Amino acid sequence: MVSRVLACRELCHRATTDFEPGAYRSPMAERKTSRNDSDVDAFLSSVDNETRRRDAMTVRDLMTNITGEEAEMWGGSIVGFGP
């Protein structure tokens, strides 16, 4: 029993002293949503409901003024601003 405890202690010591940051990480998953070159105006213009379409364009204009960044499409249905 004592030899098992010593063996466990030795393994724990090695694991903490030989540790290299990032060495045991699994690879990151790829993003499912990414920035693309789709046309924001075309996307917003495709909204059927006139009130929602007008509201979406108003929010786009407000966000552009607030962030100082142009609207960009992320995925097929997300409008984003900035990096």
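The values are calculated or read from the model by the stated rules, or taken from the named source; none is laboratory data. Everything numeric in this text was worked out from a predicted model, so none of it was measured. Using ideal geometry, Cβ is built from the backbone for each residue, glycine included, and neighbour counts are taken over all protein chains shown.
Would you check if T33 is hydroxyl-bearing (S, T, Y) and either out of contact with any Phe, Trp or Tyr (no Cβ under 9 Å at 6 or more places or on another chain) or not in a loop (DSSP other than H, G, I, E, B) (or both)? Spelling it out, it is not the case that T33 is hydroxyl-bearing (S, T, Y) and either out of contact with any Phe, Trp or Tyr (no Cβ under 9 Å at 6 or more places or on another chain) or not in a loop (DSSP other than H, G, I, E, B) (or both).
Exactly one residue among P21, P27, P83 is modelled with pLDDT of 80 or more, on the phi < 0 side of the Ramachandran plot and exposed (fewer than 10 other Cβ atoms within 10 Å of the Cβ), and that residue is P83. In this structure, E50 qualifies as farther than 24 Å from P83 by Cα and among the acidic types (D, E).
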